[in-house]
Amino acid sequence: MFGFLVPVGGGDTISLRQQEIVIGRKSSCDIVLQFGNISSQHCRLTLSSGYWYVEDLHSTNGVKVNGQKVQDRRLDPGDELTIAHHGYRIQYDPAKNGATGPPPTELLREDRIFSRSLLEKTGLEKPTARKSREMDSTRLDLPAMVAKTPGSDSKPSSGMVPSGSEPGEKRDFFDQLQFD
C-alpha cells in the first residue's frame, strides 16, 4: 500500500495500491468514479521518488491541487486533490515509499516545463487553442517573401521563380531573399 485518498466531507477511503493509477469514469480505470462530471480517463497518479504526482489527462472539468488548477503537479502528504468537483485528501509517507533527501521537483516531467504557456498551465487556455495559434504563427506568405533579384522589376513574383528567371529554372529559395 502506497497511500490513501480520503474523500473530503466523508465517504470510503481509496487505497493507492499501485505505483501508477488512472482515475476516471471508464470501467477499465484503476479507480472508477461514477460521476457525470468525471471524464472517461480523467487523471493519472504516479509514484516517483517516494512522492505522488497527478497529471490531468485532458479532462473536461480539470484537476486542482489545494484549489489551484494544474496539469502536472507533485502531491505532498495532506494536499487536497480535486477531481472535477470531488475533493480528496492524499495521505502517505514519502519515506515509506522510498523518498530520501529533500522533495523532488514540483513537476513529474521536468522537460515539459516550457512546453505549455502560462495561460495553459493555469487552466485559462486549452492546449488545442495554443497549438492552432502556434501553427498560425508558423505559416509563411511565400509569395510576399520572394525578394527582388538584380535586374527584375520592383514587384515580387507570385511564385517561387523570381521575375527575370526562366519558368523551368530551379532556384534556391534562400538565394531569393534579401536581408538588410
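The values are calculated or read from the model by the stated rules, or taken from the named source; none is laboratory data. Values in this document were obtained by computation on a predicted structure and should not be read as measured data. Quick reminder, even Gly has a Cβ in these numbers, built from the backbone with ideal geometry, and neighbours come from all protein chains shown. The protein model used for the area step is the full one, side chains on, heavy atoms only, and it has no ligands, DNA or RNA in it. Shrake-Rupley method; radii C 1.70, N 1.55, O 1.52, S 1.80 Å.
Taking the convex hull of the alpha carbon positions in the stretch 22-73 and averaging its projected area over all directions gives 3.7 nm². Projecting the Cα atoms of SER39, LEU81, HIS58 onto the dipole axis of the stretch 14-83, where Lys and Arg carry +1 and Asp and Glu carry -1 at the beta carbon, places SER39 farthest toward the positive end.
All Cα-Cα separations within the stretch 12-113 were binned at 5 Å from zero, giving a P(r) of 3, 13, 23, 28, 19, 10, 3, 1, 0, each value a whole percent of the pairs.
Would you kindly find the accessible area of SER15, with a 1.4 Å probe and non-protein molecules such as ligands, DNA and RNA excluded, rounding to the nearest 10 Å²? Only protein atoms counted, so the area is about 40 Å².
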